[in-house]
Every structure is written in C-alpha cells, then in structure tokens.
Amino acid sequence: MAGGGDSTRAILFALGANFAIAVAKGVAAFFTGSSAMLAETVHSLADCGNQGLLILGLKQAKRPPSPDYPLGYGKAIYFWSFLVAVMLFTVGGMFSLYEGIHKLQHPEPLKQWWWAAGVLVFGIVAEAVSMRACLQEVNKARGQRSLWQWFRESRQAELVVIFGEDLAALLGLVLALGAVMMTVVTGNPIWDAIGTVSIGALLIIVAVFVAIEVKAMLIGQSVDPLRQQQIREFLDARPEIGRVISVITLQLGNEVMVSVQAQMREEHSVSGLTEQINTVERAMKQAFPEVRWSFFEPDYKPAA
C-alpha cells in the first residue's frame, strides 16, 4: 500500500531470526540431551512456518483478477494472516500454557541452566534485530499515529501479524530469561513454571488481538481512516466536482476499490460529463497508486 511499510522485509527478518533461534536451540538440545530444548527447537521451526505462510499469502495476493475473482486475490493475505494468528494462539500460547501448568504440577530442577540462558540471550538479540526492522517499516506506515492507533487502523495484515509476533517473542524471551535466573538464584523450579505460564498467557493475548484486527480486514474494511480522509479531500478539491455526496472504499490486500457519488459541474452534455469523470479517475489513481478499481456515479440526469 502506498505510504505503507515493506512487509516482505519485516517478514524476512522475522524468518531469519526464528531460524537462527531454532538452530541455537537445536545445538543446545544436541549437547544437553534436553527433551524440553528439543521441543523448543520444534516450536521455533513452527514459527518459521508462520513466516512461510505469510510469504505464500503475499504471493497469492498478487495473482491477477479472473472471472471468478473480478476484484483480484488481494484478500488472500488476510486468510493466511488469520491462520498465523490461530497458530500463534494454539501452537504458541496453548502449548506454552500446557507446559507451564505441567511444570507447576510436577516441578523439575533446572539442569545445565547455562545452556538455556545462553540460547535465551542469543534469542533476545536475534528477536531485537527482527523487531527493529519491523518497527522501521511500521514507522513508515503509521506517520504521527501512536503504535496502538496504527495497530487498530492498519490494513496491512501481514505487517500487523509480524509486529505482534515479534513483540510477543521478544517479551517472551525476556520473561523466560528472568524465570531461569530466578530459578538459579532461589533454587526453586517453580519460577521456571511461572515464567512458562506467563509466556503462554502473553502469546494468547497477542494472538487474540491480532486475530481481531485481521478478522475485520477479512470481512471487508474500508481503507484506513487517514487514507480515507485524504481521498475525500482530493475529490473535494477537484474542479470537475461540484459536491461529493459519498465515498465508499474497500481495502483488498494492498489494492483499493473506490466508489464515488458526486454532483459534477458539467450539466449540459453526456460526453463532457464522461470526460470529467475520466479525468478525475485518472488523477485519483495517479495520486493514490493503490487504487486499482474506481466506480463513479454522477448525481446528474442530462436533459432529454
């Protein structure tokens, strides 16, 4: 979307971070023989799969329109983004919650904690790099809005998902490291269990918020309020238009459909009216490159 962040760049950084963390966890699992660390390796590889789904969604969204899909496949990215949110909830949040409750019921002493601490520190660094890249793209899109306002108003589903996933992963790793350190200092394994439960709850909360936002896009939202206002102001300023009656927009992935009802200044000839409409549509698509489809309804009936 014009003025939006580069979602692909953010996804690739997240994919690189998750793969690096998976490798680090796999090495730790190999040398320690820890089944828990092996499970975490699989968990990180599943996170890599999430980024793969987003890349697939972006690719499918670029398919050209067809007779069955006359407005294109842009909304395909919303489906895959929603699926990633569901996986973040189940594979990430529910699994961590289950593991934490199991540890609360059956506490186990932490073995070779330095391996866990080392992997977590590496993971924090990797996720921080990914988060920084994601925020760079988010800042391009949000303008003067707060992060929360951008999150609620953005129509870039894949960037919303990556932001939520990176934020949850980074905070989760910090929680995990804190839990490991508290376990080492106190000698009480209950801290490790509390940390795991906290991570599960964090992932579930983030997944729910992300799913709510993506669901709205999947159903069919207008463009974000800032862009809607810009389109309306552009039409109000056009000399061919006497009065804008209504503007309806629909976000279709990275493309937009605009429907306009307006009173035109031309009141005497159909050919002149048509030329005015064509001029406005060309100018609108030049000013807003994401507008792929435009439908213009003049509030004018030529004299018989």
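Values as computed for the structure displayed
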| item | result |
| --- | --- |
| Answer from Phe30, Phe95 - the residue that is within 30 Å of Asp192 (Cα to Cα) and without any contact (Cβ under 8 Å) to a residue 12 or more places away in the chain | Phe30 |
| 2 or more residues touching a residue at least 40 places away in the same chain (Cβ under 8 Å), of a type in the set (Gly, Ala, Ser) and under 18 Å from Asn50 (Cβ atoms): qualifying helices (runs of 4 or more DSSP H) within the stretch 111-215 | 113-142, 157-186 |
| Any hit, the stretch 62-77, residues being closer than 21 Å to Val206 by Cβ and open to solvent by 70 Å² or more (accessible area, probe 1.4 Å) | no |
| Number of positions in the stretch 246-282 that are open to solvent by 20 Å² or more (accessible area, probe 1.4 Å), under 37 Å from the mean Cα position of the chain (by Cα) and over 29 Å from Leu218 (Cβ atoms) | 4 |
| Qualifying residues in the stretch 123-160 (those that are under 13 Å from the mean Cα position of the chain (by Cα) and among the acidic types (Asp, Glu)) - the one most open to solvent (accessible area, probe 1.4 Å) | Glu153 |
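The values are calculated or read from the model by the stated rules, or taken from the named source; none is laboratory data. A quick note: this is a predicted structure, and the numbers were derived from the prediction, not measured. Please note: Cβ atoms are built from the backbone with ideal geometry, for glycine as well, and neighbour counts cover all protein chains shown. The area values use the complete protein model at the heavy-atom level, side chains included, leaving out ligands, DNA and RNA. Shrake-Rupley method; radii C 1.70, N 1.55, O 1.52, S 1.80 Å.
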